[in-house]
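What follows is a set of notes on a single structure, which appears directly below.
The values are calculated or read from the model by the stated rules, or taken from the named source; none is laboratory data. These numbers come from a predicted model, not from an experiment. Here the Cβ positions follow ideal geometry from the backbone for every residue, glycine too, while neighbour counts run over all protein chains shown.
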Amino acid sequence: MNKQELDVQNLWEKVKNKVFGDLDPQKLELWVSPLSIKEVDENSVTIVVPNKYFSDWLVSNGYLEKIRSVISEELNSSELLEIKIDYIYDISQSQELTPEQKIDYEYIPEKVFVLKETFNPEYTFENFITDESNRFAKAVCETAAKQPGSAYNPIFIYAPVGLGKTHLLHAVGNKMLEMSRKFRIAYITADKFVSDYISALQNGKIDSFRSKFQNAIALLLDDVQFLIGKEKSQEEFFHIFNILFDNKKQIIITSDRKPQELKGIEERLISRFEWGVIADIGRPSLELRLAILKHKSQKQKIFVPEDVLRYIAENITENIRRLEGALLKVVAKAITENLPLTIDTVKEILKDIIEPQPKPISIQKIIEVVAEEFKISKNELLSKKRTDALALPRQFGMYLAKKLTDLSYLEIAESFGRKDHTTAYHAYTKIRELIAYNPYYAQILNRMIEKIRNG
Ligand code: ADP
Ligand code: MG
């Protein structure tokens, strides 16, 4: 640590003692330990907080003012000190972040797009919890991070908002930088690509714009759907893509929809996306949602009873960002208002963000979707014939019934024309193993779940 950093650390320790000295240990741990300061000079100081709850908490309790006066005193500064707030990352928003709230990954001219600290340190592979909905996407990204440009290239990941696409790209960046700090990695969102490209054009800096990409070992393009309708930018991206690809550089693209559904993006670009591996992230299972909440609460060292976590996981099903936001809201509210963490208080706290209950799923719908997926008739699916071509779809059907309905194994077996509950049980375990090791079947399964839920 150099002297300046040491001074900043010391200053922060003093501030903590003087401003927060009286807080009880639980609050100290929850609210104060994640804070830090940076960029101290006579006129301004930046406090780094995890998210909006923390800044609100600092302001509404008058702590920000106290911090200001302690620092002014310590620095002997006569000027009015400006206190800025910076966010590490923001999971408190239950909706998509507005562009201003998003961390802006500075594109520093003459340097590279992203260097060390700029990837979110929380977005790692270790912190990415999996089930069958996202295991494949994580696996290909992890391989690509370890062996850029070799096995899977390009990688195209698609998923609705809030299911971990950006997290995975940052995990790739973090992993590559762990291997070598010297790696140049071009991480950029497609909307920033468009605006940087336009300003490079306007300023006659197109060569330097290009060379930044060309010198990278990996290109991570987030939210490619923002290229829709931007023909010139697409053309530019197409050239950059080709150069990097030909030089065996790793390319990973994320999107909110499948390649074929990117209407308004040139066909030749879409066909490039389809060259490599395409992985989707499906809706998270209840187990995954619960595991993520447990992981989060353990990491943040907050104790939340299991039944409360389960209640949150059961009621917020579509979007992991919202799930995390709900957890944070519950904890923040419970602590500030001194509420016990019971299901009743949690219900009250979350009443505005709990999603309406999805309508129950019928076994008929499952049978219909499975028959359609495997291109067999419903009668064949429910028949006694044991050929492989029918047995596998039938097992998928029983697996889906177990996953998506409350029916017992016996009821499931009976719905598929069988008498014995063990048939359904075996089908369930067989498919569970199959999809764990076979991404091809995992994708088929996700596709069917999607159809069943949406239809
Ligand atoms: P997207 O880019 O797909 O909209 P993000 O990557 O921003 O989604 O993810 C939203 C939030 O959910 C992030 O805080 C991320 O860390 C978290 N998240 C998503 N998937 C997982 C996962 N499998 N395990 C842990 N956290 C996850
Ligand atoms: Mg994203």
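Residues checked against (1) in contact with a Phe, Trp or Tyr (Cβ under 8 Å, 6 or more places away or on another chain); (2) at pLDDT 95 or above:
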position	(1), (2)
Gly164	yes, yes
Met176	yes, no
Ala186	yes, no
Thr189	yes, no
Ile217	yes, no
Leu227	yes, yes
Glu236	yes, yes
Phe241	no, yes
Completion exercise
Flagged in region 169-202 as under 26 Å from Ile281 (Cα atoms), out of contact with any Leu (no Cβ under 9 Å at 6 or more places or on another chain) and either within 16 Å of ligand 2 (Cβ to nearest atom) or free of Cβ contacts under 8 Å to residues at least 12 places away in the same chain (or both), in numbering order, are Ala171, Asn174, Glu178, Lys192
Exercise for the section: Would you kindly identify the helices (runs of 4 or more DSSP H) lying entirely within region 316-423 that contain at least 1 residues that are loosely packed, with under 13 Cβ neighbours inside 10 Å? Expected result: 343-349, 363-373, 378-382, 388-404
Handout entry: Residues of region 291-310 satisfying the condition of being of a type outside the set (Val, Ile, Thr), assigned to a helix (DSSP H, G or I) and closer than 16 Å to Ala332 by Cα
Key = Leu293, Lys296, Ser297, Gln298, Lys299, Leu309
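Restrict the check to region 235-247 and report whether at least one residue is under 24 Å from the mean Cα position of the chain (by Cα) and either in a loop (DSSP other than H, G, I, E, B) or buried (at least 18 other Cβ atoms within 10 Å of the Cβ) (or both). Lay out the reasoning, then the answer.
Taking region 235-247 and keeping what is under 24 Å from the mean Cα position of the chain (by Cα), we get none.
Scanning region 235-247, I find no residue that is under 24 Å from the mean Cα position of the chain (by Cα) and either in a loop (DSSP other than H, G, I, E, B) or buried (at least 18 other Cβ atoms within 10 Å of the Cβ) (or both), so the answer is no.
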Problem - The lone exception for Val224 - which of (1) within 24 Å of Asn120 (Cα to Cα); (2) crowded, with 22+ Cβ neighbours inside 10 Å; (3) away from ligand 1 (no atom under 16 Å from the Cβ) it fails - result: (3)
Handout entry: Conditions (1) out of contact with any His (no Cβ under 8 Å at 6 or more places or on another chain); (2) modelled with pLDDT of 95 or more; (3) farther than 23 Å from Asp86 by Cβ: number failed by Phe128
Key = (1)
Exercise for the section: Could you please give the count of residues in region 376-408 that are under 37 Å from the mean Cα position of the chain (by Cα) and within 19 Å of Lys365 (Cβ to Cβ)? Expected result: 17
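Taking region 378-405 as the region of interest, how many residues are without any contact (Cβ under 8 Å) to a residue 12 or more places away in the chain and not basic (Lys, Arg)? First the steps, then the outcome.
As a first pass, look at region 378-405 and keep what is without any contact (Cβ under 8 Å) to a residue 12 or more places away in the chain: 378-380, 385-388, 391.
Then drop every residue that is not not basic (Lys, Arg), which leaves 379-380, 387-388, 391.
Qualifying residue count, region 378-405: 5.
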Completion exercise
The residue from Lys192, Lys205, Lys232, Lys258 that alone is assigned by TED's automatic domain parsing to the domain that holds Lys165, of a type in the set (Lys, Arg) and within 20 Å of Trp275 (Cβ to Cβ) is Lys258
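Conditions (1) at pLDDT 80 or above; (2) touching a helix residue (DSSP H, G or I) at 6+ places or on another chain (Cβ under 6 Å); (3) within 30 Å of Ile353 (Cβ to Cβ), marked per residue:
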{"position": "Asn2", "(1), (2), (3)": "no, no, no"}
{"position": "Lys18", "(1), (2), (3)": "yes, yes, no"}
{"position": "Tyr53", "(1), (2), (3)": "no, yes, yes"}
{"position": "Leu64", "(1), (2), (3)": "yes, yes, yes"}
{"position": "Leu80", "(1), (2), (3)": "no, no, no"}
Exercise for the section: May I ask you to say which residue of Lys248, Lys230 is under 22 Å from Ala139 (Cα atoms) and either more than 16 Å from ligand 1 (Cβ to nearest atom) or out of contact with any His (no Cβ under 8 Å at 6 or more places or on another chain) (or both)? Expected result: Lys248
Problem - Among residues of region 144-168, those that are without any contact (Cβ under 8 Å) to a residue 12 or more places away in the chain and either of a type in the set (Gly, Ala, Ser) or touching a Cys at 6+ places or on another chain (Cβ under 9 Å) (or both), counted - result: 1
Handout entry: Single condition Trp275 does not satisfy, out of (1) among the aromatic types (Phe, Trp, Tyr); (2) surrounded by 18 or more Cβ atoms within 10 Å (Cβ to Cβ); (3) assigned to a loop (DSSP other than H, G, I, E, B)
Key = (2)
